[in-house]
1. Jot down the radius of gyration and Dmax of the chain, Cα atoms only, both in angstrom.
2. Let me have the 222 nm mean residue ellipticity of the chain computed from DSSP H runs of 4+ only, each contributing -39500 (n - 2.57), with the sum over all residues rounded to the nearest 500.
3. Full-extension gain between residue 59 and residue 45, please, as 0.36 nm times their residue separation minus the C-alpha to C-alpha distance.
4. Nearest 0.05, what FRET efficiency do residue 38 and residue 76 give at R0 = 30 Å with Cβ-Cβ as r?
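Here, each number is a calculation from the coordinates, and none is a lab measurement. Nothing here was measured: the structure is a model prediction, and the numbers come from that model. Neighbour counts are summed over all protein chains in view; Cβ atoms, including those assigned to glycine, are modelled from backbone coordinates with ideal geometry.
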């Protein structure tokens, strides 16, 4: 599973990444978590508001910090 956290590195983006990491650990899934901080790359992914979360190419969240329970639901579907 490939998870991308998109954002410039602001506090919201950092919090989102920590939530993603906690959800991955809680569910015990194999995942590669990467940060996308380049605005052009983020825009090419179709993201125009951050933080954003992309799991295996599917945009799951844009412009808000997801709850850990929400992320855990994404990891099993």
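1. Final numbers for Rg and Dmax: 11.2, 32 Å.
2. Details: 3 runs with 32 residues, N = 77.
Mean residue ellipticity, 222 nm, calculated: -12500 deg cm²/dmol.
3. Details: separation 14, 0.36 × 14 = 5.04 nm, distance 0.88 nm.
4.2 nm is the gain from fully extending residue 59 to residue 45.
4. Numbers: r = 30 Å, r/R0 = 1.00.
It comes out at approximately 0.50.
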